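Novice: Can you keep this structure in mind? I'll have questions shortly.
The values are calculated or read from the model by the stated rules, or taken from the named source; none is laboratory data. As the structure is a computational prediction, the values presented were derived from the model and not from experiment. Positions of Cβ are backbone-derived with ideal geometry, glycine not excepted, and every protein chain shown enters the neighbour counts.
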Amino acid sequence: MLATRLTPVIGLFALAACQTMVPKRQAPTPAPGPAQTETGPAAEELPTDQNRHRIALLVPLTGTNAAVGQSIANAANLAVLDTGGKRIRMTVYDTAVGAAGAAERAIADGAKVILGPLLADDARIIAPVAAKARVPLVSFSNDAAIAGAGTFVMGYSPAQSIDRVVRFARARGATRFAGLTPTGVYGDRAGTAFLRAVESAGGQVVSLQSFDRSRGGLAAAVTRLGRGSAYDAVLIADGGRIAVQAAPLIRKAGATEARLLGTELWNAETGLAAMTPLAGAWFASVSDGLYAQLAAKYRARYQTAPYRIASMGYDAVLLVTRIAQDWRVGQPFPVARLTDQGGFTGIDGAFRFGRDGVAERALEVQEVGAGTLVTVSPAPARFDD
């Protein structure tokens, strides 16, 4: 079944207007919000609107994650502008001053669906508030553990990224796999996903080692992996800057022919293509094709570049706008529409929410080349089951 197109409107409409991924560009600066987008006024100050659905965007606008939150909000604003804003009115709320309070204000202001928050810890706080009001939550976190009971997880899943690149490597002849995972929640989950992916693909995990993020810790973990000839593919489940440190250690240990594999974190790494030690490495992530157009439009409006994760703000607004076409004003948000089997297509490609509330994404595999990133396995354009 073809994915229901959210129709990314890059080029089609003129401008009328967890775990956080590291930025590919400098932090964006705030810009004035466009028409039909507001920033957290009190309920009594909000204008009455009989023709639009109220939706809330909950992101950090102050504090340590403010730049990321503002980037998501800016991209969401662009989506409102590109689609005309005829069916929705979006209000932005700052989770950094209190996640529960932000959700309560959004619901009191009449929001029928909440987009965000960015962080899993905030989502855990907001989820019961939203569930009590029967307002669905579409979080930008990648923590699948928070999904369910009206909470949907839209973030880029490390488990899906690992499964995709492992299956690709297996199809290209890799049979013996090794893995390096950082200590902590992300590393633990990446390790579990890696074991499951290799087993499902018909390969064998010969070694899986965790490391702390120090050069000594990384070197010790590579040593524990064993002789290089014991494996023909090795997953480095961390960002590109850690991977580029691990690569020469792996080669020095004798794994001169082993294929390096990465996760979705690599797609947010500035200068990845120029990291020579990673030449020939494969990683799976969402496609960057349409994102490049969004980033260009974003720079033109805000005079700076977005964070890579900002595309989720854009796609979340497109998602709600698409559903709003036949959603009657004054009625609850039609939650069942989020789990349409055919899914949706946005800036980051095809995606759909499963019954567990986690977004399944169509991912591509890229290879790090000599100063370039080459797509060696395109993302599927649709879901066939």
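Novice: Can you tell me which residue among Gly313, Gly280 is part of a loop (DSSP other than H, G, I, E, B), at pLDDT 95 or above and among the small types (Gly, Ala, Ser)?
Specialist: On inspection, the qualifying residue turns out to be Gly280.
Novice: If Pro306 satisfies every condition in (1) surrounded by 23 or more Cβ atoms within 10 Å (Cβ to Cβ); (2) not in a loop (DSSP other than H, G, I, E, B) but one, which is the exception?
Specialist: Result: Pro306 passes all but (2).
Novice: Among the small types (Gly, Ala, Ser), surrounded by fewer than 22 Cβ atoms within 10 Å (Cβ to Cβ) and assigned to a helix (DSSP H, G or I): does that describe Ala100?
Specialist: Considered against the rule, which asks whether it is among the small types (Gly, Ala, Ser), surrounded by fewer than 22 Cβ atoms within 10 Å (Cβ to Cβ) and assigned to a helix (DSSP H, G or I), Ala100 comes out as yes.
Novice: Among the residues of region 348-356, are any over 22 Å from Leu119 (Cα atoms) and outside any helix (DSSP H, G or I)?
Specialist: yes
Novice: Could you check how many residues of region 254-274 are surrounded by fewer than 19 Cβ atoms within 10 Å (Cβ to Cβ) and either among the polar types (S, T, N, Q) or over 26 Å from Asn142 (Cβ atoms) (or both)?
Specialist: The total comes to 5.
Novice: Taking Gly85 and the conditions (1) surrounded by fewer than 19 Cβ atoms within 10 Å (Cβ to Cβ); (2) more than 20 Å from the chain's Cα centre (by Cα), which numbered condition does it fall short on, given that it satisfies the others?
Specialist: (1)
Novice: Pick from Ala131, Ala149, Ala103: which is of a type in the set (A, V, I, L, M) and closer than 23 Å to Val68 by Cα?
Specialist: Criteria check complete, one pass: Ala103.
Novice: Filter region 357-377 down to residues that are surrounded by 14 or more Cβ atoms within 10 Å (Cβ to Cβ) and in a loop (DSSP other than H, G, I, E, B) and give me whichever is modelled with the lowest pLDDT.
Specialist: Here the answer is Gly369.
Novice: Moving on to the next point. Going through Arg124, Arg176, Arg167, Arg172 one at a time, which residue ends up being at pLDDT 95 or above, of a type in the set (Lys, Arg), under 24 Å from the mean Cα position of the chain (by Cα) and in the same structural domain as Leu249 (by TED's automatic domain parsing)?
Specialist: The match here is Arg167.
Novice: Search region 216-231 for residues being small (Gly, Ala, Ser) and in contact with a Phe, Trp or Tyr (Cβ under 9 Å, 6 or more places away or on another chain), and hand back the single one that is nearest to Gly179 (Cα to Cα).
Specialist: Among them, the one singled out is Ala221.
Novice: Every residue in region 247-277 that is more than 11 Å from Ala178 (Cβ to Cβ), among the aliphatic types (A, V, I, L, M) and touching a helix residue (DSSP H, G or I) at 6+ places or on another chain (Cβ under 6 Å), please.
Specialist: Once the filter is applied, which keeps residues that are more than 11 Å from Ala178 (Cβ to Cβ), among the aliphatic types (A, V, I, L, M) and touching a helix residue (DSSP H, G or I) at 6+ places or on another chain (Cβ under 6 Å), region 247-277 yields Ala247, Leu249, Leu272, Met275.
Novice: Given the condition in contact with a Pro (Cβ under 7 Å, 6 or more places away or on another chain) and either under 30 Å from Ala379 (Cα atoms) or not acidic (Asp, Glu) (or both), answer yes or no: does some residue in region 214-233 qualify?
Specialist: no
Novice: Against the conditions (1) within 23 Å of Ala147 (Cβ to Cβ); (2) touching a strand residue (DSSP E or B) at 6+ places or on another chain (Cβ under 7 Å), where does Val335 fall short? Just the number, please.
Specialist: Going through (1) within 23 Å of Ala147 (Cβ to Cβ); (2) touching a strand residue (DSSP E or B) at 6+ places or on another chain (Cβ under 7 Å) one by one, Val335 breaks only (2).
Novice: Yes or no: region 96-112 includes at least one residue that is more than 23 Å from Gly63 (Cβ to Cβ) and either of a type in the set (Val, Ile, Thr) or in the same structural domain as Ala268 (by TED's automatic domain parsing) (or both).
Specialist: Taking every residue of region 96-112 in turn, none turns out to be more than 23 Å from Gly63 (Cβ to Cβ) and either of a type in the set (Val, Ile, Thr) or in the same structural domain as Ala268 (by TED's automatic domain parsing) (or both).
Novice: I need the full set of residues from region 60-73 which are surrounded by 24 or more Cβ atoms within 10 Å (Cβ to Cβ) and either part of a helix (DSSP H, G or I) or under 15 Å from the mean Cα position of the chain (by Cα) (or both), in order please.
Specialist: Val68, Gly69, Gln70, Ser71, Ile72, Ala73
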